Amino acid sequence: MKLETNDKFTISYIANSHNKVKLKKPKRIFRKGLMTDIAKGEFTTKKGNKCFNYWDINENGYRTASAPYTLIVVGGNDESV
């Protein structure tokens, strides 16, 4: 499924670092996200890693999650996210 601009979703992934600081142990992160016309969405890096770039509503900035990640799409422009 390809997300469109203004689609909202929840994303879950395992973080090994936060704010460029390596965590002592990996942590599962849940964020509310928004697709924008700037966000890349799903892409593959030059090294072959699957990633997802999105606007993080919780942190008010762009973020990139590395696989494995899970997207829960709430549908369109649903204001309840």
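Structure data summary
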{"quantity": "Considering residues of segment 32-58 that are in a loop (DSSP other than H, G, I, E, B) and of a type in the set (Val, Ile, Thr) only, the residue least open to solvent (accessible area, probe 1.4 Å)", "calculated": "THR36"}
{"quantity": "Enumeration of residues in segment 60-81 that are assigned to a loop (DSSP other than H, G, I, E, B) and either at pLDDT below 90 or open to solvent by less than 60 Å² (accessible area, probe 1.4 Å) (or both)", "calculated": "ALA67, VAL74, GLY75, GLY76, ASN77, ASP78, GLU79, SER80, VAL81"}
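The values are calculated or read from the model by the stated rules, or taken from the named source; none is laboratory data. Values in this document were obtained by computation on a predicted structure and should not be read as measured data. Each accessible area value is taken on the protein alone, full model and side chains, heavy atoms only, with ligands, DNA and RNA left out. Shrake-Rupley method; radii C 1.70, N 1.55, O 1.52, S 1.80 Å.
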